[in-house]
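All of the numbers you see were taken from the coordinates with simple rules; none came from a lab. Here the structure is a predicted model, which means the values were calculated and not measured. Note that we place each Cβ from the backbone using ideal geometry, even for glycine, and neighbour counts take in every protein chain shown.
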């Protein structure tokens, strides 16, 4: 099953706990994993998910420094700077 930030099943995660979207040690994604049930549409509304601290604080705060940005954010969104 594909989640918001990559695979959510053990067949898509290697022995080091890495999948194609994030790696062990990535604090932002570790927070996502910790709050996975809160961020799950099968358990909560989209409104509740988007108002969760992971989307309102943790993720946006990670964009402030190059070393804390998630690779997917850097790869897909960084080039969309406002002119």
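Defining a contact as two alpha carbons under 8 Å apart and six or more residues distant in sequence, what relative contact order in percent does the range 25-83 show?
30 percent
Mean shadow of the range 25-83, computed from the convex hull of its alpha carbons, in nm²?
Quarter of the Cα hull surface area: 4.8 nm².
What ranking, highest mean first, results for peptides 66-74, 41-49 when packing means the other Cβ atoms within 10 Å averaged over each residue?
Values: 66-74: 13.0, 41-49: 10.7.
Put in order of decreasing packing, that is 66-74, 41-49.
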